[in-house]
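Working notes for the structure below.
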Amino acid sequence: MKHNRNFIIILIANFLVAGSMTMIMPFLSLYIETFGNFTDEYVQRWAGLIFAATFVTALIMSPIWGRIADRFGYKPILIMNSIGIGVSVFLMGYVNTVEQFFLLRLFMGIVTGFIPTSIAFISKHTPRKEAGKTLGTIQMGSTAGTLFGPVIGGLLADQVGFTYTFTYIAIAISIAALFIIFGVREPKLAPKSQKSVYNRKNIVWSIFHHRTMFSIMFIAMLLQIGNFSIQPLLSLYVSELSPTAEVALLAGITFSATGVGNLLMSRYWGKLGDDIGYEKILGILLAVSIVVIIPQAFVTELWQLIVLRFLFGCVAGGLIPLTNAMIRREAPAEVQGEIMGYNQSFRFLGNIAGPVIGGFVAGFGGISAVFFITASFFALGFFINWYAQRTPVQSFDELIKSH
């Protein structure tokens, strides 16, 4: 009963936090323009830097937050992260320069451990045989938030202005913090003796020497590189297919199509992984993703792109829950949070590298060429997953103790 209560609260809190953190995306460049009379090149450059800043510090901090949570409990970390995000977002509404905005985004990255910590919390207290279904369901909260956040953020900015929009975002995150403070009951686990084998050095060494664990994290990074290589260019691709004055709206619909598919199918793929094997379903989804990605380079009408993005969302919705479930299966309970943190760092690295690679490829071969690059990253993930299944089974716990 306690686990179900925690699960529902975390689901709602993830929706609020993910939605709040993506509300800023529609007006990021517009907000920078309010700081002065800048050229388009200046605004675009700083928009890219400010967008990436959060991922840079989050990449460093994710395993640290996970390690602290493993030692002192997940609830205190969730509270600190949500309050930290809320404060940083609130202050963003009162900055006067791009440098101040950039520094606050860096700070927000330091405390952007809420969603990975919440996933580790739910994962640790979920039976291994139900990990796929449970983690697929919990992803629905953050996916729904990511889906509706930009729409709500854009509407708020148009109606009440940027400063009040940041204030409302901070309030939403504060509500999530209150849910955690008064609603979550962290189970008291039997005390365990401190084991020196679980120090940071041994854990990192074991991740890189455990074939399944490293392949999971590397695949997670490849997925993010593939996804983020095309996402920043999607609005430009939409404008090429449908040159109208409503490009922003049409781009939002196209982007949301992927989120809707993800929302509909993530729980199903997770449950199927529980039943017949995570690696098997992961391989199938990676292969089907490639089949759905490549035709996006050849569309001639916007509706074709929207349909393909929806189908891609349906297939891709199971990829991250499956990789998280595999980590739940392999990682010792004592270091579940830290290992989830390292996995999140791999994903953040993909978030940073993806837009850079996508922009470089688009500059030389056009936006259509980026879809082939995206497909190639998914193909590489497919072969890594295929190869990992054909290697001898390793126990992560035994590996770390033998080092």
Flag if residue 22 is surrounded by 22 or more Cβ atoms within 10 Å (Cβ to Cβ), within 22 Å of residue 146 (Cβ to Cβ) and touching a residue at least 40 places away in the same chain (Cβ under 8 Å): no
Within segment 95-145, work out how many residues are assigned to a helix (DSSP H, G or I), surrounded by fewer than 21 Cβ atoms within 10 Å (Cβ to Cβ) and of a type in the set (S, T, N, Q). 2
Tally, over segment 193-230, of residues that are part of a helix (DSSP H, G or I), surrounded by fewer than 15 Cβ atoms within 10 Å (Cβ to Cβ) and modelled with pLDDT under 80: 1
Which is in contact with an Asp or Glu (Cβ under 8 Å, 6 or more places away or on another chain), buried (at least 19 other Cβ atoms within 10 Å of the Cβ), modelled with pLDDT under 90 and not small (Gly, Ala, Ser), of 336, 344? 336
Just to be sure I understand, how many residues within segment 57-83 are within 30 Å of residue 233 (Cβ to Cβ) and buried (at least 18 other Cβ atoms within 10 Å of the Cβ)? 5
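Taking the options 132, 145, 141, name whichever one is touching a Lys or Arg at 6+ places or on another chain (Cβ under 9 Å) and outside the structural domain of residue 397 (by TED's automatic domain parsing).
Criteria check complete, one pass: 132.
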Whether any residue in segment 298-310 is over 23 Å from the mean Cα position of the chain (by Cα) and either within 15 Å of residue 146 (Cβ to Cβ) or among the aromatic types (Phe, Trp, Tyr) (or both) is what I want to check. yes
Lone qualifier among 350, 313, 317 - being small (Gly, Ala, Ser) and at pLDDT below 90: 317
Those residues that are surrounded by 15 or more Cβ atoms within 10 Å (Cβ to Cβ), assigned to a helix (DSSP H, G or I) and either in contact (Cβ under 8 Å) with a residue 40 or more places away in the chain or not aliphatic (A, V, I, L, M) (or both), I need them from segment 34-48; list them, please. 46, 48
Can you list residue pairs whose Cβ atoms sit under 8 Å apart, with the first residue in segment 376-392 being under 17 Å from residue 358 (Cβ atoms) and the second being of a type in the set (S, T, N, Q)? Count only pairs 6 or more apart in sequence or on different chains. 377/229; 378/289
Going by what's in this entry, would residue 87 be described as assigned to a helix (DSSP H, G or I), farther than 30 Å from residue 331 by Cβ, in the same structural domain as residue 144 (by TED's automatic domain parsing) and modelled with pLDDT of 90 or more? yes
Helices (runs of 4 or more DSSP H) contained entirely in segment 288-403, each with at least 3 residues that are under 24 Å from residue 273 (Cα atoms): 302-316, 319-330, 336-365, 367-389
Residue 254 meets each of (1) modelled with pLDDT of 90 or more; (2) within 19 Å of residue 374 (Cβ to Cβ) with one exception, condition (1)
Kindly evaluate residue 300 against the criterion of being among the β-branched types (Val, Ile, Thr) and over 30 Å from residue 68 (Cβ atoms). yes
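The values are calculated or read from the model by the stated rules, or taken from the named source; none is laboratory data. What you are looking at is a predicted structure, and each value in this text was computed from that prediction instead of being measured. As a convention, Cβ positions derive from the backbone with ideal geometry for all residues, glycine included, and neighbour counts pool all protein chains shown.
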